[in-house]
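The structure appears below as structure tokens.
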């Protein structure tokens, strides 16, 4: 992630007020030959040689703050090494806690930390996983919306012609040698049956009179039936 609008090196030079206060520590450090050399290399974009010059300046004087800031800038913007950049920014603030550039440097530290976090997430594949999760959430939401928008299906009641007797309790009398079709069926009464229900099963109507008349020899009345009893069911 890039936050750069103007080069940090140029911004830092503008903030430091070089040459205005010859007595300030900052101005003295900037006149150091190694610092000047490193900044000259940065201007021509030779960041490797600039890095060497600033590190040599630190070796000569570890309490000199300016080279830490320049190294932080190199590792932040030109040769990305976010961990080193954060270290050098913070080291500069330790040596110059009252610097007029403190607020600016703290902003840069925050930007580098964000860039470092994004780099770690990208390398670990977490960014891709997050994007896939968000995409699945979108698809799931859209699917729910589509389902909610569909009209609800209505269940049509069965008509009398759709109801057929259960084969498990109905037996068909075999055809005789000379006949072309049977004239009736045999039905075994099950629990909950009455003549009205049986008539509905076979005829699709409550009219059970034909069944009752065909079974008068085994039924004293239309309500005289028992589970397991066999009844003759005349074909309609």
- Subset of segment 211-225 (residues that are surrounded by 17 or more Cβ atoms within 10 Å (Cβ to Cβ) and touching a strand residue (DSSP E or B) at 6+ places or on another chain (Cβ under 7 Å)): 211, 215
- Message: Checking the structure you have, find out if any residue of segment 84-99 is under 23 Å from residue 45 (Cβ atoms), touching a helix residue (DSSP H, G or I) at 6+ places or on another chain (Cβ under 6 Å) and surrounded by fewer than 17 Cβ atoms within 10 Å (Cβ to Cβ).
- Response: yes
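The numbers here are math on the coordinates, done by the rules we state, and not lab data. The structure displayed is predicted, hence computed values, not measured ones. Here the Cβ is made from the backbone with ideal geometry for all residues, glycine too, and neighbour counts use every protein chain on show.
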